[in-house]
Amino acid sequence: MKLIGIVGTNAKQSYNRELLTYMQRHFKAQAELEILELTDVPLFNETADQAKYPIIQTFNDKIAAADGVVIATPEHNHSVPSALKSIIEWLSFNLHPFDGKPIMLVGASYSVQGSSRAQLHLRQILDAPGVNASVMPGSEFLLGRAQTTFDDHGDLKSAGTVAFLDSCFAKFMKFVTLVQAMAVPDAVSYQPGTYDVTAVGHNGNLPMSVTLSKNRIEDIQIDTSTETKGIAEVAFQRIPKAIIDGQTLAVDAISGASMTSHGVIDGVAEAIKAAGANPDDLKKRQAKTNAAPQNITDITTDVVVVGAGGAGLTAAAKVLQSGRNVLVVEKFPAVGGNTVRAGGPMNAADPDWQHQFDAIPGEKHTLTEITQIDEATIAPEYLADFRALKTQIKAYLKENTDQRGYLFDSTLLHRIQTYLGGKRTDLQGHEIYGQYDLVKVLTDHALESVKWLEKIGVEFDKTQVTMPVGAIWRRGHKPMGDQGFAYIKALQKFVTAHGGRILTETPVQSLTTTDGQVDGLIAKGPNDTKVIVHAKAVILASGGFAANTKMLQQYNTYWTAIDDDIKTTNSPAMTGDGIRLGTSVGADLVGMGFSQMMPVSDPETGELFSGLQVPPQNFVMVNQAGKRFVNEYGSRDELTQAAIDNGSLFYLIADDEIKKTAYNTTQAKLDAQVAAGTLYRADTLVDLAKQLQLDPAVLTKTIADYNSYVDAGEDPEFHKNAFDLKVAVAPFYATPRKPATHHTMGGLKIDTHAHVLNADGQVINGLYAAGEVAGGIHAGNRLGGNSLADIFTFGRIAATQALKDELTVTVD
Amino acid sequence: MKLVGLVGTNATTSTNRQLLQYMQQHFAATAQIEIAEIADLPAFNEPESHVAPDSIQALSDQIKAADGVIVATPEYDHSIPAALKSAIEWLSYTTRPLINKPVMIVGASNGALGTSRAQAHLRQILEAPELKALVMPNVEYLLGHSLQAFDDQGNLTDTDKATELANDMTAFLDFVTLTKKITPENKFMEKNQQFSWRQITDGRD
Ligand SMILES: Cc1cc2nc3c(=O)[nH]c(=O)nc-3n(C[C@H](O)[C@H](O)[C@H](O)COP(=O)(O)OP(=O)(O)OC[C@H]3O[C@@H](n4cnc5c(N)ncnc54)[C@H](O)[C@@H]3O)c2cc1C
Ligand SMILES: Cc1cc2nc3c(=O)[nH]c(=O)nc-3n(C[C@H](O)[C@H](O)[C@H](O)COP(=O)(O)O)c2cc1C
Ligand SMILES: Cc1cc2nc3c(=O)[nH]c(=O)nc-3n(C[C@H](O)[C@H](O)[C@H](O)COP(=O)(O)O)c2cc1C
């Protein structure tokens, strides 16, 4: 039996704590009693956002999962302490974990009556409708004169008291069973049949059909085609199974795919309602969790990789290609990390291939501009390459003066563009740019990575060369199939087919070392199991920290402000765990102050693909005063900083014609978003302004001015570089946007062999890092498409070097 | 006569605050009611030192200087809110300004019962030895369905409830005057201020 004990005070010294600790030991054979402390619980406040306090969620989850609760209350002023009252208020307001939960009250106090009045109050409190606990009647265990009752070992001195406590506890064990038996819900009966229902998933509608017999959910079939590949599958595999196995709707959502999970649960609920039963009855059916006693798994392998994203799976595949063992430990239920979210094309200069494509207007201009850059502004270590590049470009331009020419590229152009693109100055005046030796390795070996991936099973679309958003040049190799997932699908298949082991839902918590050599790690597996791994080398590939706002704020030196409630485009797993793991063994960090934002993200979810996303020449951005505030054609950084300066929230205004240029949506999706209030639509601008609570006169003037600039071909206010359509044809749309965190360029300091370095620049033996967890390459700004090039290149390098250093295997 | 009206909640909008504001206006002729808030007080955590934090000291001084206190309490889970309990714990643990202080309890809640259980608890709490307030007997002003109780000007819409409150207020003012006569510089005052739970059980009391 699993019980929770709550120490009813936040005082440093407490006899009630002593009493619970005694009970924990004394009743060990009968029950596992986990003690929760109120120390960090904030005072209840109706209007405070409880989501800000993870401790409340922890209390909720633990109590919900327990078979019963023991509350040990002191008596303060003839009643319960405010700290205890406070957690009960939190847990009776939006959350209700005490509902129907068996509770035993005990209390220690200085006076002879030993908290009797507090216990009486507590009974009445726990009986209130928002709490609705099942408090065991009678058996009032009062420990009066508490300061005289324990011996030096914390045991109760009096045999009589122990005997009484034993009898109260024995009664409680029976009481728990009794309450549980009462809680078994009444039999549910359905009108048998197959019900076609539509639930709302992450990307839109989720049509499903649910088959019910008289008293069972028999089958759940879902049309999964619209949900994101690589993210939603786990939910599709597990949620229907959990529902059918438990015949319950009380199943937990899958981290990272919670919207799809809730979609499936809602759909089944819908079907149950249609079949004449009450879905709430099934929500009350707890899927019985038989809390397993703590298990320990001990694994020995050659190389262990932290994180099953692009970099991690690449490293694992490379180890397997040398015939060595590898274990990949992944925090989330699904593999793939941010890599499955990526747009797909990876940068690699491949002139032979690119030469088949014609140059497009503007490219020669870009090249000419590069030749005109003042050499004094180029960092000395890049100068030789810069000059060599200029020679290449001049030869190309000369050869093609009279003709359109082919698409030019070279590893030198890739290198110099990565350098120039990453050059930024922060608020303190520090300039940063990509570390030469790392950028050289990246650009020299990116093409090799493309070829290597082809061998692994990734197929690229050779018929087109693309320029990923923010990439500056057309050198993107686009995989066939589902964008970033295409890589993960192939890599995962390769790793499992070659005997690599992947443990999911197993966040790595710490590294182990022996005499300064990293030789393994400790992780937390499903159901509280402890996983201990011994290995010759550890490769950190756990991604960045764009989903950890606190950490971003802590290191930020680039943005004037990062809102507490900023959203992210990233998987929620990106909390910088690898950076913490690295620094725990002395790793140095580099470039941590620089992060990349995606300026046009959904204010509620951080996603890019809600509302109307149109080409930037059709963006019309207005702030919360209804005025334009920036050149909409500016870079991501310019748009982001302007948004921050204008209170973050802004709107993209579009009309019916601009709507037609959107690349992300359908009319049905738009209608659903308007209905949900996440997108605004009106027949007149005045009406639109009213919906946005803007001054109609201001918005109307802003748009009239903008339209006149389009007519004149010039924007005297913000100098927008290119525009196309006016805002003229009803209905009008406003898509709310805010910057969201997108990429973290800083991270662990590595050398060109992916060794992690300490503050003295020395290699930390046994530790390697690859991918977004490492820093130094992208510096102030990562070019679109360069991250994928980075993770596949340094993922291979990390594995190669680990094999060489620690297992004396030489790879070609 | 000078009274302190203690708002028994840290919520930003509160019908108990409204009730006190109503009393402040309507009984201005007979009493000056200062409204005191608990929203910004720290959470009580039984620190080793028994010294009051500044905000508690300020509240305590305000209470000490007043002739009486009106506490308006909501009801949370059949008892008083943790925020109010916390404020009272601070006072009982540090400065103890409520000893022998006349107190009237009123309460507003959104439900029908209008804080009857919270008021009963508060009464017991205020009578604990380290508080020893003089809670006015026989009065239990319960304002149920409090969200509908006031009009736009902040007046009570139910005239019966308004009359009842006026009567209770008159009774309380008499109670304050009366208690002043019977507890001049109470001789137990000092002793009560030194009360400690640890002490009584050590048999030193
Ligand atoms: C929406 C979006 C679009 C993007 N588009 C592009 C693009 O078009 N081109 C491009 O080049 N880049 C793009 N990027 C950036 C790119 O996707 C990432 O930088 C890259 O995928 C990072 O790869 P990685 O292997 O380092 O980390 P990830 O792929 O993020 O993998 C890290 C893995 O480690 C796991 N992990 C974290 N902590 C732990 C722990 N404690 N224990 C165990 N496992 C852990 C995570 O769950 C995750 O699976 C985009 C990013 C986003 C968010
Ligand atoms: C603010 C305050 C008020 C107290 N009121 C009471 C009381 O009403 N009755 C009582 O028996 N003890 C009272 N005590 C003393 C407690 O009994 C004692 O601190 C506690 O119950 C002992 O249990 P603990 O060690 O778990 O805190 C009070 C203590 C504090 C700090
Ligand atoms: C955590 C919590 C518990 C509550 N429990 C009760 C209760 O037990 N009885 C009741 O009448 N109202 C209860 N309420 C509603 C209150 O009546 C209402 O919030 C408050 O008393 C109104 O006073 P106010 O306007 O001053 O906040 C509860 C409210 C909260 C936030």
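The values are calculated or read from the model by the stated rules, or taken from the named source; none is laboratory data. These numbers come from a predicted model, not from an experiment. Every residue, glycine among them, receives a Cβ derived from its backbone with ideal geometry; neighbour counts consider all protein chains shown. Heads up: the accessible areas ignore ligands, DNA and RNA and are worked out on the full protein's heavy atoms, side chains in. Shrake-Rupley method; radii C 1.70, N 1.55, O 1.52, S 1.80 Å.
At-a-glance table
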read-out: In degrees, nearest ten, helix A:82-93 long axis to first principal axis of chain A (Cα); value: 70
read-out: Hull shadow area, averaged, the stretch A:69-128 [alpha-carbon convex hull, nm²]; value: 3.8
read-out: Nitroxide proxy distance, nm - points 7 Å out along Cα→Cβ at A:Ala29 and A:Thr194; value: 5.6
read-out: Translational D in µm²/s for the stretch A:713-812 (Stokes-Einstein at 25 °C, 0.890 mPa s, Kirkwood Rh from C-alpha pairs); value: 141
read-out: The stretch A:222-264: mean projected area of Cα convex hull, nm²; value: 2.7
read-out: Chains A and B, summed buried accessible surface - 1.4 Å probe, Å², nearest 100; value: 2800
read-out: For the stretch A:373-490: rounded, prolate or oblate by the Cα gyration tensor [a/c cutoff 1.5]; value: oblate
read-out: Whole-angstrom gap from the stretch B:32-58 to the stretch A:726-796, using each part's C-alpha centre; value: 48
read-out: The protein assembly as shown - share of DSSP beta bridges that are antiparallel (%, nearest 5); value: 50
read-out: Nearby aspartates and glutamates by direct alpha-carbon distance to A:Lys52 (threshold 15 angstrom, same-chain neighbours under 8 apart not counted); value: A:Asp40, A:Asp563, A:Asp564, A:Asp565
read-out: Convex hull volume of the stretch A:285-405 per residue (C-alpha atoms, cubic angstrom); value: 273
read-out: Across A:Lys364/A:Lys738; A:Lys331/A:Lys440; A:Lys229/A:Lys478; A:Lys241/A:Lys283; A:Lys455/A:Lys804, pairs whose alpha-carbon gap is larger than 24 Å; value: A:Lys364/A:Lys738; A:Lys331/A:Lys440
read-out: Highest to lowest packing among A:551-559, A:338-346, A:230-238, scored as the average C-beta count within 10 Å; value: A:338-346, A:230-238, A:551-559
read-out: CD proxy at 222 nm, helix term only [per DSSP H run n ≥ 4: -39500 (n - 2.57); per residue of chain A; nearest 500]; value: -11000 deg cm²/dmol
read-out: Solvent-accessible surface ranking, highest first, for B:His50, A:His153, A:His753 at 1.4 angstrom; value: A:His153, B:His50, A:His753
read-out: Value of Rg to Rh for the protein assembly as shown (Rh from inverse mean 1/r over Cα pairs, i.e. Kirkwood); value: 1.03
read-out: Number of partner chain Cβ atoms within 10 Å, mean per residue of A:87-99; value: 1
read-out: Full-stretch length increase - A:Leu397, A:Asp151 - with 0.36 nm per residue and alpha-carbon distance subtracted; value: 79.5 nm
read-out: Rounded to 10°, Cα long-axis angle of helix A:696-712 versus longest principal axis of chain A; value: 20
read-out: Number of partner chain Cβ atoms within 10 Å, mean per residue of B:82-90; value: 6
read-out: Within chain B, helix-based [θ] at 222 nm, where runs of 4 or more DSSP H residues each add -39,500 (n - 2.57), nearest 500; value: -12000 deg cm²/dmol
read-out: Long-range HN-HN contacts of B:Val69 with modeled amide H, under 5 Å; value: B:Val4, B:Val103, B:Met104
read-out: For the stretch A:749-797, the spread of Cα positions along each principal axis, largest first, Å; value: 32, 23, 14
read-out: Longest exposed-site-free window of chain B, the sites being GluC sites (Glu not before Pro) in a DSSP loop that have at most 11 other C-beta atoms within 10 Å; value: B:49-184
read-out: Stretch gain in nm, segment A:Ser258-A:Ala676, where the contour uses 0.36 nm per residue and the Cα spacing is subtracted; value: 148.6 nm
read-out: Projected label distance in nm at A:Thr808 and A:Thr425, using a 7 Å step from Cα toward the beta-carbon; value: 5.4
read-out: Angle in degrees between helix B:82-93 and the longest Cα principal axis of chain B, rounded to the nearest 10; value: 40
read-out: Qualifying trypsin sites (Lys or Arg not before Pro) for the stretch A:4-67 [loop in DSSP, other Cβ within 10 Å: at most 15]; value: A:Lys12, A:Lys28
read-out: Contact order normalised by residue count of the stretch B:1-141, Cα under 8 Å, 6+ apart, percent; value: 27
read-out: Mean Cα-pair separation over length for the stretch A:341-459, i.e. relative contact order, pairs under 8 Å, 6 or more apart, %; value: 35
read-out: Euclidean distance of C-alpha centroids, the stretch A:15-81 and the stretch A:513-544, integer Å; value: 32
read-out: Lysines whose Cα lies under 21 Å from that of B:Lys101, excluding same-chain neighbours fewer than 8 positions away; value: B:Lys2, B:Lys64, B:Lys85, B:Lys132, B:Lys180, B:Lys181, B:Lys187, B:Lys191
read-out: Estimated FRET transfer efficiency when R0 is 30 angstrom, pair A:Asp166-A:Gln124 (beta carbons, to 0.05); value: 0.65
read-out: Span per principal axis, largest first, for the Cα atoms of the stretch A:48-174 (Å); value: 45, 33, 28
read-out: Percent RCO, i.e. relative contact order, over chain A, from Cα pairs under 8 Å lying at least 6 residues apart; value: 12
read-out: Inverse mean reciprocal Cα-Cα distance (Kirkwood Rh) of the stretch A:180-317, Å; value: 16.9
read-out: Distance between the stretch B:90-122 and the stretch A:122-152 - C-alpha centres, whole angstrom; value: 23
